[in-house]
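**Student:** Here it is, the structure in full.
The values are calculated or read from the model by the stated rules, or taken from the named source; none is laboratory data. Note that the structure is a prediction, hence the values are computed from the model and not measured. Every residue, glycine as well, gets a Cβ built from its backbone with ideal geometry; the counts of neighbours run over all protein chains shown.
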Amino acid sequence: MKIITAFVVLLLSACAQHKYDDYSLHVESEHALDVTVEKLYVDLQINAPVALRGVYDNDNAIKSGNILYDGSAGAGGVVAQILAHAAINSNMKNSKLSKRQIEANKVLEPFQDILKGYTQDALIHDGNDYRFLINDVGNNSSSLILDSYPIFYISQDMRSLILKHVVKIYRYEDESIVYQNLIEVISPVIESDDLIERLRSEQGSLLKNKLKNLYKDSLSLVISDLKGEYKASETQKSFRIYSGEKMRIERGVGVAKKGDMTVIRNLRGWLVSFPYEARNEG
């Protein structure tokens, strides 16, 4: 009976760990990496569209329904009921999230024409500590490859742009993972009396430049983390993080300040960079 109970607990735990494409487990590098010695190549899906989405409320608002399990079916029957309930809940959650994302994406309607044909090759730039993998790495078999999966968001009031960047770094020669994380970067507030016009002007040059800069900043955070610069020296606390006027509380430790930006490592190990403001104090 104890074995069955433990199995049920594991099932419930697995069902609760619902993952999305802007999620990553944190795998920390065992030791600091010198990317000036070990060449680092960033691998982007250059022909894929830049993923830009509207921000929606997080998963906390989506609740699972309660259900009573029939014990007369025996232990195996209860497990079967739990599995069925988990599958139903998962499908319901996916459906709700899909509908909410579609609703949130309506904020993008004024920009559909300028986003058409906007692919990830527009994110390529010159970097001091890395280069982009356009062709094969050739004879550099000891190189590091950074698989890059950037997903951008715009707040419903259009005042903030957010990047959630899933990165995985492995050695080219044996594909062993040396680092994995999610890097979130939130832009400073965009000020304008007419945000749609400002973000649309000149074929969306401001919007595209801001997205590209968020991407560059995220790679800079990755490099600093690889070099071992983000060792926590502060005590854990709560941070208020704003995306436009929307606020969330994030628990973590401060690891750096870069100009007007604060960088924290949250409880999942993710790096979050956001504009420091007096209202961020929690």
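**Student:** What tally of residues in segment 221-249 results from selecting those that are out of contact with any Asp or Glu (no Cβ under 6 Å at 6 or more places or on another chain) and either crowded, with 18+ Cβ neighbours inside 10 Å or among the aliphatic types (A, V, I, L, M) (or both)?
**Tutor:** Number of matching residues: 10.
**Student:** Being free of Cβ contacts under 8 Å to residues at least 40 places away in the same chain and of a type in the set (D, E, K, R) is the filter here, so list the residues in segment 225-246 that pass it.
**Tutor:** Residues satisfying the conditions are Glu229, Lys231, Glu234.
**Student:** Here's something else I'd like to know. Taking Val189 and the conditions (1) part of a helix (DSSP H, G or I); (2) surrounded by 15 or more Cβ atoms within 10 Å (Cβ to Cβ); (3) β-branched (Val, Ile, Thr), which numbered condition does it fall short on, given that it satisfies the others?
**Tutor:** If we test Val189 against (1) part of a helix (DSSP H, G or I); (2) surrounded by 15 or more Cβ atoms within 10 Å (Cβ to Cβ); (3) β-branched (Val, Ile, Thr), just (1) comes out false.
**Student:** Name, by its number, the condition in (1) surrounded by fewer than 17 Cβ atoms within 10 Å (Cβ to Cβ); (2) touching a residue at least 24 places away in the same chain (Cβ under 8 Å); (3) assigned to a strand (DSSP E or B) that does not hold for Lys257.
**Tutor:** (2)
**Student:** Right, another one. Being in contact with an Asp or Glu (Cβ under 8 Å, 6 or more places away or on another chain) and among the hydroxyl-bearing types (Ser, Thr, Tyr) is the filter here; which residues of segment 164-197 pass it?
**Tutor:** The answer is Tyr170, Tyr179.
**Student:** Moving on. If you scan segment 145-186, which residues turn out to be assigned to a strand (DSSP E or B) and of a type in the set (Phe, Trp, Tyr)?
**Tutor:** Matches in segment 145-186: Tyr149, Phe152, Tyr153, Tyr170, Tyr179.
**Student:** Which condition from (1) small (Gly, Ala, Ser); (2) within 22 Å of Ile124 (Cα to Cα); (3) not in a helix (DSSP H, G or I) is the one that Ser218 breaks?
**Tutor:** Checking Ser218 against (1) small (Gly, Ala, Ser); (2) within 22 Å of Ile124 (Cα to Cα); (3) not in a helix (DSSP H, G or I), the one that fails is (3).
**Student:** Starting from segment 200-224, take each residue that is among the polar types (S, T, N, Q) and list its partners that are outside any helix (DSSP H, G or I) and modelled with pLDDT of 95 or more, counting only C-beta distances under 6 angstrom and pairs at least six apart or across chains.
**Tutor:** Going by the 6 Å Cβ cut-off, the qualifying pairs are Ser218/Leu163; Ser218/His165; Ser218/Ile183; Ser218/Val185.
**Student:** Right, another one. I'd like the full set of residues that are closer than 17 Å to Gln112 by Cβ and without any contact (Cβ under 8 Å) to a residue 40 or more places away in the chain, limited to segment 182-197. Working first, answer last.
**Tutor:** Let us first name the residues in segment 182-197 that are closer than 17 Å to Gln112 by Cβ, namely 195-197.
Leu195, Glu197, listed by residue number.
**Student:** Out of the residues in segment 25-63 meeting the condition of being among the charged types (D, E, K, R) and farther than 28 Å from Thr119 by Cβ, tell me which one is modelled with the highest pLDDT.
**Tutor:** Checking each candidate, the answer is Glu28.
**Student:** Which numbered condition trips up Leu199, out of (1) surrounded by 18 or more Cβ atoms within 10 Å (Cβ to Cβ); (2) within 15 Å of the chain's Cα centre (by Cα)?
**Tutor:** (2)
**Student:** Being small (Gly, Ala, Ser) and surrounded by fewer than 17 Cβ atoms within 10 Å (Cβ to Cβ): is that true of Ser273 here?
**Tutor:** Values: small (Gly, Ala, Ser): yes; surrounded by fewer than 17 Cβ atoms within 10 Å (Cβ to Cβ): no.
It is false that Ser273 is small (Gly, Ala, Ser) and surrounded by fewer than 17 Cβ atoms within 10 Å (Cβ to Cβ).
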